[in-house]
1. Return an integer: the convex hull volume of the alpha-carbon atoms of chain B, in Å³ per residue.
2. Specify which residue in the list B:I276, B:V263, B:P301 is farthest towards the positive end of the charge dipole of segment B:251-323, using unit charges on the beta carbon of Lys, Arg (+1) and Asp, Glu (-1), about the Cα centre.
3. Sort out for me the Cα centre separation of segment A:236-284 from segment B:146-218, rounded to whole Å.
4. Of B:F127, B:Y181, B:G92, which is farthest towards the positive pole of segment B:4-188's charge dipole, taken about the Cα centre with +1 and -1 on the beta-carbons of Lys, Arg and Asp, Glu respectively?
5. Of all alpha-carbon pairs in segment A:1-122, indicate the percentage at a distance above 19 angstrom.
6. Taking just the alpha carbons, could you work out the radius of gyration and Dmax for segment B:4-188, both in angstroms?
7. Kindly provide the helix-only [θ] at 222 nm of chain B, computed as the sum of -39,500 (n - 2.57) over DSSP H runs of four or more divided by all residues, to the nearest 500 deg cm²/dmol?
8. Put +1 on the Cβ of every Lys and Arg and -1 on every Asp and Glu Cβ in segment A:1-83; which of A:H52, A:G76, A:M64 then has its Cα farthest towards the positive end of the dipole?
Amino acid sequence: MGVEEIPKETLLEMYKKMHKIRTYEETLAKWYYEGKTPLFDISAGPIPGELHLSPGQESAAVGMCIHLKDEDAVIGTHRAHHFAIAKGVDLKRMTAEIFGKATGLSGGKGGHMHLFDASKNFSCSGIVGASFPQAVGVGIAAKLKGENYVAVAVGGDGAANQGTFHEALNLAALWKLPVIFLIEDNGWAISVPKDKSTAVAKNSERAKAYGIPGVSVDGADVIAVYEVAKEAVERARRGEGPSLIEVRVYRLRGHFEGDPQAYRPKEDFELAKEKDPLLNFEKLLLEKGITTEEELNRIKEENEKEVQEIIDFAVKSPYPEPEEALKGVFAGGE
Amino acid sequence: MAVVREITFAQALNEALDYEMSKDPKVVVMGEDVGVYGGIYGVTAGLYDKYGPERVRDTPIAESGFIGTAVGAAATGLLRPVVELMFIDFLGVTFDQLYNQAAKMRYMFGGKAKISMVLRTTCGAGFSAAAQHSQSLHALFSHVPGLKVVMPSTPYDAKGLLISSIEDDDPVIFIEHKGLYAIKGEVPEEPYSIPLGEADVKREGKDITIVATAAMVHKSLEVAEKLEKEGVSVEVVDPRTIVPLDVDTIINSIKKTGKLVVVDEGYPRASFASDIAALAASKAFDSLKAPVKIVTPPATPVPFSPALESEWIPSTEKIEKAVREVL
Ligand SMILES: Cc1ncc(C[n+]2csc(CCOP(=O)(O)OP(=O)(O)O)c2C)c(N)n1
Ligand SMILES: [Mg+2]
């Protein structure tokens, strides 16, 4: 299977999502640094707190989520905006959340690492490795209800060394659950390179230990991700059990915004540019004559306009009332 | 002659680590990003270059794994691990190795095992780091017999207490408030130790006692200073170590002033604050001239939005209000 067999409509939808993610993240980054200088003050500015952005990793999110429906669950990590966007989370409300506003997905209580949208079955967590067993839970619920929806647990290469990853793989394999474990291998866990943290070269190899399929795919090529993800989703929907996918990507930015990245060799930055999935996809679409510059430019303009509206919404939204801090610990709101 | 300079809390900790590593080859440092990066707050800066990757070990993100490794290494008696848990909130990932293993081995094995290790970790809200990166969970550790719990508030205390903690023959949970790393204070260049279990009276007073921990010590001192202008004399006691606790210093202060406010960033229930309040009731009841008040965050997770978080954290206004009510 190749790009030719994928409908143009789908390809353009994927392109649009990838470009939207890129535009969104780069725009957020600009807003993030507002008010934080001259001395980097993490709690200042319109976007306070840590910010982990996803440029360079769009293919993992879009290549996977293009196969998913609203009923399918995605459980992301601390770096989750790309998956949220690919899954169709309401971007105005998500952005308001990231700005700490009352109109946010969680009224400003959660922030960028704790995004939740029940209508899209999307959630994420700031605890590395937390996603895996929760996806098993979604899988068991799907199976017991006799539904054919699937759960995708996302984790970084760093997260794949947590016990939860291995426990969850075993559970999902043992119970033959519709779970897809997606490891986004960007080669780094903050400053620690994968070869200093991981005993095997590829996390997909770890599937063998649990008797399930494991595939490693080059994230520079979103079509390759699309194909691998399609197979895993179809297998899960057929009731044949879990799969493990490693998508090899590069971080185009720091671990968090403000990360000086002194630990990162020059070649790694160069490779990141070379492996940029968005630029590669654009090139492919043009080379194969699937689309034209004009068509792509139109998409880009639409995205830029939309992102601007989204940010405006967040900026103009009010902050929550302080008393809100005291509400909502238990059922019943109080 | 002793050389005393102004350095930051983070630098003071770094000096303690450096001193212990240079003195004792058994001391090893492990944790996420502690090596090349020097720790995300810079506390282990320079140690990797100086002592090498075997003694300053970057670990995978596997807290249960590498903290359990530290427990096992300490149990051999051949190493004294100082292991870093990046945020105290990640405690859940590794708790068994600490509360069922490290904490219990000496007792459960009839005094024949010894776990000399330090777990350094960070606490504290105020940075919009939200519910999973902002907590102050010292009460969870101090509930379990067998763990010592240290919580310094000044650069001077940080250095002396870390040296004592590393030299201690029991597992020590050393908690660093993120809001303190950049504060500066006078610290001797020479190594020195502060015994675990000795409170420090940060300010003497006679009308009311505030017992406060970590960042709350500084807020309490601000309030004390303000009230002094009105002729109110506030004593601020910093226990410095939660376990062991210097009961005498706290009780003597309460007996002197007859009034107590406890200020702590932990949640209010089953907490450090309620523990000290109970102590006052059981050991200084006759001296108390007013009900004890505690100033803590509410019993809710830490909210993200600055509009909510600033309501959540104990403020100088709330401390002042509590002090005035007790007076
Ligand atoms: C249990 C836990 N340990 C440590 C951290 C701190 N931390 C946040 S992100 C991160 C690195 C994660 O690396 P990886 O899983 O590869 O994801 P990436 O950031 O590269 O996307 C670490 C150590 C955390 N949030 N949770
Ligand atoms: Mg990574």
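Throughout, read-outs are computed from the coordinates displayed, never taken from laboratory work. Remember, predicted model here, so these are calculated numbers, not experimental data. Quick reminder, even Gly has a Cβ in these numbers, built from the backbone with ideal geometry, and neighbours come from all protein chains shown.
1. On the way: hull volume 44.1 nm³, N = 327.
Taking the convex hull of the Cα positions in chain B, it is 135 Å³ per residue.
2. B:I276
3. 43 Å
4. Most positive-ward Cα: B:G92.
5. Summing the P(r) tail past 19 Å for segment A:1-122 gives 49 percent.
6. 15.2, 45
7. Working: 12 runs with 123 residues, N = 327.
Value at 222 nm, helices only, nearest 500: -11000 deg cm²/dmol.
8. Of the options given, the answer is A:H52.
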